[in-house]
1. Filter region 644-655 down to residues that are in contact with a strand residue (DSSP E or B) (Cβ under 9 Å, 6 or more places away or on another chain) and either farther than 26 Å from Gly209 by Cβ or small (Gly, Ala, Ser) (or both), then give me how many there are.
2. Please count how many residues of region 333-361 are more than 16 Å from Asp296 (Cβ to Cβ) and free of Cβ contacts under 8 Å to residues at least 24 places away in the same chain.
3. Quickly run through region 223-249 and pick out the residues that are without any contact (Cβ under 8 Å) to a residue 60 or more places away in the chain, outside any strand (DSSP E or B) and more than 30 Å from Arg657 (Cβ to Cβ).
4. Limited to region 284-315, what total is found for residues that are at pLDDT below 90 and not polar (S, T, N, Q)?
5. Considering (1) without any contact (Cβ under 8 Å) to a residue 24 or more places away in the chain; (2) of a type outside the set (A, V, I, L, M, F, W, C); (3) touching a strand residue (DSSP E or B) at 6+ places or on another chain (Cβ under 6 Å), say which one Ser328 fails and leave the rest.
6. Go through region 343-371 residue by residue and tally those that are closer than 30 Å to Ser398 by Cα and not in a strand (DSSP E or B).
7. Report, by residue number, each residue of region 562-585 that is aromatic (Phe, Trp, Tyr) and surrounded by fewer than 15 Cβ atoms within 10 Å (Cβ to Cβ).
8. Suppose we filter Arg506, Arg488, Arg470 for residues that are of a type in the set (Lys, Arg), surrounded by 16 or more Cβ atoms within 10 Å (Cβ to Cβ) and farther than 25 Å from Ala519 by Cα; which single one remains?
Amino acid sequence: MRHGFTLIPLLILALAGIAAAEDLSGAGPVKITADSLSHDRATSTYLAEGNVRIDWEDATLTADRASVDQQKNQALAEGGVTLVKEGDVLRSDRLAIDIVTGEGEVINGDLFVPRNNFHLRAGRLARTGPEDYRMESGSFTTCDGDDPSWSFSAKRLDVTLEEYATARDAIFYIKDFPVFYFPYLIFPVKTERQSGFLFPRIGSSTKKGFYLDLPYYWAISPSQDVTFNLDLQTRRGVGTGADYRYIRRQGSDGQARGYGIYDTDRSRFRGDLEAKHREFFSDTLYAKGDIAVVTDRDFYRDFSTDTGIYNRQLLDSSVSLTKTWENSVLAGEVRYVQDLEAPNNRLTLQRLPSITYTLLERQLPVLPLSFGLDASFVNFYREEGGQGRRIDLHPVLSHRAPIPGGALMLWGGYRQRLYDSSSEGDAGFRSSGIADAGAVATTTLERVYEPRWGAVERVRHTLIPELGYRFVDSKNQEGLPFFDFNDRVVGQSMATWGISNFFTGRIGGGDLPEYRELAYLRLSQGYELSGSRRDLLTLTDPARPWTDIRIESRFTPVKQLSLSADSRFDPYRLSFSTAAVAGEVNDGEGNMAGIGYRTARGVVEYLEGRLGVALVKPLLFNYTGRYSFDRAGFLESLYTVEFKRQCWSLTFSFRDRPDNREFLVGFTLSGIGAVGPVKAF
């Protein structure tokens, strides 16, 4: 759920600060120290003078003078009054409180709440009832100093918790200059989340023109909220949107989001709808739904800016039900795919429905064997083209045995596929059974080094070599329907090797040292003894039985530096078939540089870079760019400049894509909100 505070609830926190002394009535042990302590029996009044200090529970009150009238149940503190409770500090000239009702007032109060750097000053703060508060001639800010960069003020504020708050003559200041004036405001009041307008989003883009997004946040209940958006675009028209979120019992939750606009550029209505829900019926039974619908295939290109959204190729919708037991899982799913690249969706293959059952390996009685099973049923459907149903059963027997210095696992299985197809040329019932088997032998070697490298005291090197073999029976499957790659099981007889290296560092001494992975490196390769193989990432050649060498690595020698790679090296061409390399340096202070590179046999070659510079205070520069070598151009560039002060920031961003350029202005008040996601007024 969305969290944050509007102007009104921040003031409520300040007004509630004077109620801290109410705990004195039933607070248990109370310790009072002063230069002078006296008791007037006639009036039942205790009087403390000079360096008065009162401690009870987690609160401390200091003042020049303090008195407690037991007959009237009133307490009074005067002269340099300071009340500290749970880190919050209230200073005033005078504090009066009714110990029984908690009603009272603070004169010339100054409240500081460290958790959000909240400062409030008021001529008078009063608690007039159990849920009623009043502030007169007050102001608040999250800026430090006597001359804050911004502040809110109100001549008078009346609050009834869980009902309404009314403010008179409310003004927003930048320095001493009044920017917004509200003669009278009324707000619904809740102590946690608040309904209200959010900061608007203001920007300009090639596709939208100048746009203004006005969001309104409605806290429906503690478990529900919704944000409404009014989206004004000079080139596209007026759009509306809603984002509804909720939490149910047992951790069930969901979200529904929709956006619609009558696109004046295309003279038709356009929009999208997304809904997600998770329902936990029990610890072992749950349902999940993920629905996505869009009016046309170009909608995301025109209206979305996020990477991975505006360039979507497929849109998935699914509903599933899953039941788990101690050693098995049964799941059913209905999935509908919308191909955004195709002219229509009539040829797109759907799974309506699919059912899977997995039985984890279990030890058989008497025999030194374990049994496992993977089973599935899929109904393939499309409006045009072949349809059918497939049952896939794969039982497996396995045996684990210790060997000198390591362990050996042997397994064997049989995969049976059954088809009922209506595809042209292979209609009717078909079946195919294929045997498979394999073995893996591993051992583990360890050694501890003491390099004394900076804060690293020790390094544990764990080496895990492995040898393996996999056999899949080779059969002619041309007579079977083809719905996906599971319908063409590739026969093979392949030996494999692998070496995994883990380097774990012990950092710092003492009773609580830190253990962190410093490096990971794995090499693996296969050798085809007979048959063939299928590799979706690289080309295969029957005359060259050695597969590519896969290299997987992660390096984090210090927290500020991380490197990773996942590449395949062709031993025949002596070049990399595929590569995915990334690195980042980050000092945690806003200065960072990162780069990522991907390539797949020259067909796809892609570079991504990130840069953040915070050396020129108070400016923060950020850049993100994505460059495609195969397209010979930038896919996207995002430039951001943030002018950041102690209690506010101003952000300018420019996004450049081949089909769109967009400029956005953002404004943030620390502790209050930012453009878009946090409530401000």
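1. Residues in region 644-655 being in contact with a strand residue (DSSP E or B) (Cβ under 9 Å, 6 or more places away or on another chain) and either farther than 26 Å from Gly209 by Cβ or small (Gly, Ala, Ser) (or both): 5 in total.
2. Going through region 333-361 one residue at a time, the tally reaches 5.
3. Those that are without any contact (Cβ under 8 Å) to a residue 60 or more places away in the chain, outside any strand (DSSP E or B) and more than 30 Å from Arg657 (Cβ to Cβ): Arg248, Arg249.
4. Count: 15.
5. (1)
6. The qualifying residues number 6.
7. Of everything in region 562-585, just one residue is aromatic (Phe, Trp, Tyr) and surrounded by fewer than 15 Cβ atoms within 10 Å (Cβ to Cβ), namely Tyr572.
8. One residue alone meets the criteria, Arg470.
The values are calculated or read from the model by the stated rules, or taken from the named source; none is laboratory data. All figures in this text were calculated on a predicted structure; none of them were measured in a lab. Using ideal geometry, Cβ is built from the backbone for each residue, glycine included, and neighbour counts are taken over all protein chains shown.
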